[in-house]
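The values are calculated or read from the model by the stated rules, or taken from the named source; none is laboratory data. Remember, predicted model here, so these are calculated numbers, not experimental data. Glycine also receives a Cβ, built like all others from the backbone with ideal geometry; neighbour counts cover every protein chain displayed. In case anyone asks, the SASA skips ligands and DNA or RNA and just uses the protein heavy atoms, side chains included. Shrake-Rupley method; radii C 1.70, N 1.55, O 1.52, S 1.80 Å.
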Amino acid sequence: MPSDANTAENYVETPKTLTELHAEIAAGRTRAADLAASYYERIAAVNPRLNVYLGLTKERAMEQAARVDAAAAKGDPLGPLAGVPVGIKDVLVMKGAPATAGSKILEGYRPPYDATPVSKLEAAGAVLLGKINCDEFAMGSSNENSAYGPVRNPVDTGRVPGGSSGGSAAAVAANMAVATLGTDTGGSIRQPASFCGVVGVLPTYGRVSRYGLIAFASSLDRVGPFAANVRDAATLLGVIAGYDPKDATSSPAPVPDYAAESDRPVEGLRIGVPAEYFGEGLDSEVRAAIEKGIESLKAAGCAVKPVSLPTTKYAIPTYYLVATAEASANLARFDGVRYGYRSPSSANLADMYRHSRDEGFGAEVKRRILLGTYALSAGYYDAYYLKAQQVRRLLAEEFLRAFAEVDAIVTPTAPMPAFKLGEKTGDPLAMYLADIYTVTASLAGICGVSVPCGTTKAGLPVGMQVLAAHLNEGTAFRVARAVEAARR
Ligand code: GLN
């Protein structure tokens, strides 16, 4: 077990599965109201140390729990998430609840509507506990960029939970929610899932509506679930996925029964292993855990073969051009007029914009706005943004060629296990490099799952990334399920 003395207190048994929970609630053996109350007690006890929740939505949660209990008592049909306590990353809006995106600039902002994935969860019976900490505007890999302080990794509180959805991963790992929503633009669901030892899903671009998501980089942003096991994560994706007329990029493709897909055996599936993800910079204990995971897939009857993804070496610069360019455009709206924080010390309008942005944004967000504005400026557009889009296309084509030969590709989710708080804050480039295995799927628009695959000698979780072609989440779940099963 990890060395941190506080660990044992934070660590609790894995909660019941969604299927078990559903049966208990439907039979009236567990009341949704009691369950929600017990989660709030646990949050009150653990949150001061882990800093996961930024705000609680207790009134709404207890009303929903009462509705579920009343329906169960009458024997009415219950939604697939009836009574399930869920936490929401604070970049997704909930009507009337403060939404900060981890930024001071949104202080005091209360959105007047619900994000589509939020309303879908509630329609399925979920009880929404509150809003969860994250890196400011989802920019970061460690949760240390939140204006409201870092989240701590429940497995070892001296370490980061990963980012930017670190709070969402930590919440599931510390049983402060049965499941959570996060967002992934360049790895922000998969990497924290890996660092905290939980399952995280990157749905295909367009699979889940972005309506009500505070935008970071619109061509890359995805909303996805975290859960303690693969099947539950699959059930959650089934609830939040689907076409939404309020998001023009959402896919009209029908939503399969992902949980059922995840039940299918993997025998005969072809699994690709790209050498480019096992080179220099990969921690040896992470490598060993992933290799063991690959062996378990072979033992389950998969055919494992090498695939080649040579454009991987350009992925980090490509991602950090596209993401910053889009961020600089998306964040232009925060000027102290319409949303949140306004600097009190301004003589005129131009000053108010300048001071509000200067005082409201944190250092990493400013760095990205500067980088993105530069990349988009006249004379540089072709050399940077356009070039990055071309590389992005090559990357996507390379993945599609690989997926003509294999059903899924497996890699480490991150090159290292959870690092120490403060370890990388002085070196933005080192922080960006932590995203090396995740940004490729983000750029290509394909889907993936990070599934716990082993631990280091110090007890730190290691996640395996299972990637599949566009809209092929079912296959990613199947493979992840086999990796999970081999460890039980
Ligand atoms: N770590 C990456 C970044 O800082 C990814 C963030 C994300 O996926 N939201 O941009």
Self-check item: Number of the condition not met by V286 [criteria: (1) within 25 Å of L460 (Cβ to Cβ); (2) open to solvent by 20 Å² or more (accessible area, probe 1.4 Å)]
Solution: (2)
Self-check item: Enumeration of residues in segment 441-469 that are more than 12 Å from the ligand (Cβ to nearest atom) and either farther than 22 Å from D156 by Cβ or without any contact (Cβ under 8 Å) to a residue 40 or more places away in the chain (or both)
Solution: A444, G445, I446, C447, G448, V449, V466, L467, A468, A469
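Let's see how each residue does on (1) more than 21 Å from the chain's Cα centre (by Cα); (2) closer than 26 Å to A174 by Cβ:
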| residue | (1), (2) |
| --- | --- |
| N47 | no, yes |
| E63 | yes, yes |
| D76 | yes, no |
| G79 | yes, yes |
| P112 | yes, no |
| S119 | no, no |
| A123 | yes, no |
Quiz item: How about segment 210-263: which of its residues are within 25 Å of Q191 (Cα to Cα), away from the ligand (no atom under 16 Å from the Cβ) and aromatic (F, W, Y)?
Solution: Y211, Y258
Quiz item: Here are some residues: G167, G182. Which one is within 11 Å of the ligand (Cβ to nearest atom) and within 26 Å of L331 (Cβ to Cβ)?
Solution: G182
Quiz item: Can you name the condition, by its number, that E280 falls short on among (1) more than 30 Å from T116 (Cα to Cα); (2) open to solvent by 30 Å² or more (accessible area, probe 1.4 Å); (3) out of contact with any strand residue (DSSP E or B) (no Cβ under 6 Å at 6 or more places or on another chain); (4) modelled with pLDDT of 95 or more?
Solution: (4)
Quiz item: Out of segment 410-440, which residues are out of contact with any Phe, Trp or Tyr (no Cβ under 8 Å at 6 or more places or on another chain), more than 14 Å from the ligand (Cβ to nearest atom) and within 24 Å of V266 (Cα to Cα)?
Solution: V410
Quiz item: Taking segment 445-485 as the region of interest, how many residues are open to solvent by 10 Å² or more (accessible area, probe 1.4 Å) and in contact with a Leu (Cβ under 8 Å, 6 or more places away or on another chain)?
Solution: 4
Quiz item: When only residues in segment 371-427 that are of a type in the set (D, E) and in contact with a helix residue (DSSP H, G or I) (Cβ under 7 Å, 6 or more places away or on another chain) count, which is least open to solvent (accessible area, probe 1.4 Å)?
Solution: E398
Practice problem: May I ask you to verify whether V86 is within 14 Å of M176 (Cα to Cα) and over 19 Å from the mean Cα position of the chain (by Cα)? | Solution: no
Quiz item: Does at least one position in segment 114-124 carry a residue that is assigned to a loop (DSSP other than H, G, I, E, B) and in contact with a helix residue (DSSP H, G or I) (Cβ under 7 Å, 6 or more places away or on another chain)?
Solution: yes
Quiz item: Tell me, which residue of segment 28-58 that is free of Cβ contacts under 8 Å to residues at least 12 places away in the same chain and open to solvent by 60 Å² or more (accessible area, probe 1.4 Å) is farthest from C134 (Cα to Cα)?
Solution: R29
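Residue by residue, here is whether (1) without any contact (Cβ under 8 Å) to a residue 24 or more places away in the chain; (2) within 16 Å of the ligand (Cβ to nearest atom) holds:
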site	(1), (2)
R60	no, no
E63	yes, no
A72	no, no
K89	no, yes
S103	no, yes
G108	no, no
L129	no, no
C134	no, yes
V160	no, yes
Quiz item: Considering V307, V337, which residue is open to solvent by 50 Å² or more (accessible area, probe 1.4 Å), aliphatic (A, V, I, L, M) and more than 16 Å from the ligand (Cβ to nearest atom)?
Solution: V337
Self-check item: Lone qualifier among N145, N153, N133 - being under 14 Å from V93 (Cα atoms) and buried (at least 24 other Cβ atoms within 10 Å of the Cβ)
Solution: N133
Exercise. Please indicate, with yes or no, whether at least one residue in segment 319-334 is away from the ligand (no atom under 16 Å from the Cβ) and buried (at least 16 other Cβ atoms within 10 Å of the Cβ).
Key: yes
